[in-house]
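Read-outs throughout are calculated quantities, based only on the coordinates presented, and are distinct from any laboratory measurement. On a predicted model such as this, the values are computed, not experimentally measured, just so you know. Ideal geometry is used to build each Cβ from the backbone, glycine not excepted, and the neighbour counts take in all protein chains shown.
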Amino acid sequence: MAPELVRSVLERIGDKWSVIVICRLGPGPRRFNELRRLVDGITQRMLTATLRGLERDGLVTRSVFPTVPLRVEYALTDSGRTLLDVVQALVGWAGANAETVHVARKEFDRRAHEQPQPVGAG
């Protein structure tokens, strides 16, 4: 498989909004506004772009129901559901290790602040 294709897939599934949207679609189909409420901090524009990207990559389906008003639902595809397990494991790891990462960052920042930087470094 071409490295560029692998890289583009990893960029999609590694995007923070994609990870959260995939997790929120895990329990089942959701309407756009329901997803927007469940994904704290995402704008309408970013949610639209994220859903389109996930749909383009075959991870999410968009279903339109001919009601008044139109009802649109998003759901994980079979491929998206297999990715859900991986994403949930990653989110679980992040939750279990968040404090360790926080402490490591503070220590790194403290050391970086104390060490003189060479001229031209940046």
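Given only helices, namely DSSP H runs of n ≥ 4 each adding -39500 (n - 2.57), what is the per-residue ellipticity at 222 nm of the chain, to the nearest 500 deg cm²/dmol? Numbers along the way, then the final one.
Values: 5 runs with 79 residues, N = 122.
Per the formula, -21500 deg cm²/dmol.
Go through LEU10, CYS23, VAL64 and say which Cα lies farthest out towards the positive end of the charge dipole of the range 3-114; charges sit on Cβ, +1 for Lys and Arg, -1 for Asp and Glu. Result: VAL64, furthest along the dipole toward the positive end. Our coupling estimate for the range 95-110, obtained by passing each phi through the Karplus curve with A = 6.51, B = -1.76, C = 1.60 and θ = phi - 60°, is x, 6, 10, 4, 5, 4, 5, 4, 5, 4, 4, 4, 5, 4, 4, 5 Hz, Gly and Pro reported as x. With respect to the chain, whose longest principal axis is taken over its alpha-carbon atoms, helix 3-14 is tilted by about 80°. Report the local net charge at LEU54: Lys and Arg +1, Asp and Glu -1, summed over other residues whose C-beta lies under 11 Å from its C-beta. Summing Lys and Arg as +1 and Asp and Glu as -1 gives +1.
Using a ≥ b ≥ c from the Cα gyration tensor of the range 3-114 (square roots of the eigenvalues), is it rounded, prolate or oblate, where a/c under 1.5 gives rounded and otherwise the larger of a/b and b/c decides, a/b for prolate? Because a/c hits 1.5 or more and a/b exceeds b/c, the range 3-114 counts as prolate. The modelled label-to-label distance for the pair ASP78/GLU107, using points 7 Å beyond Cα in the direction of Cβ, is 4.7 nm.
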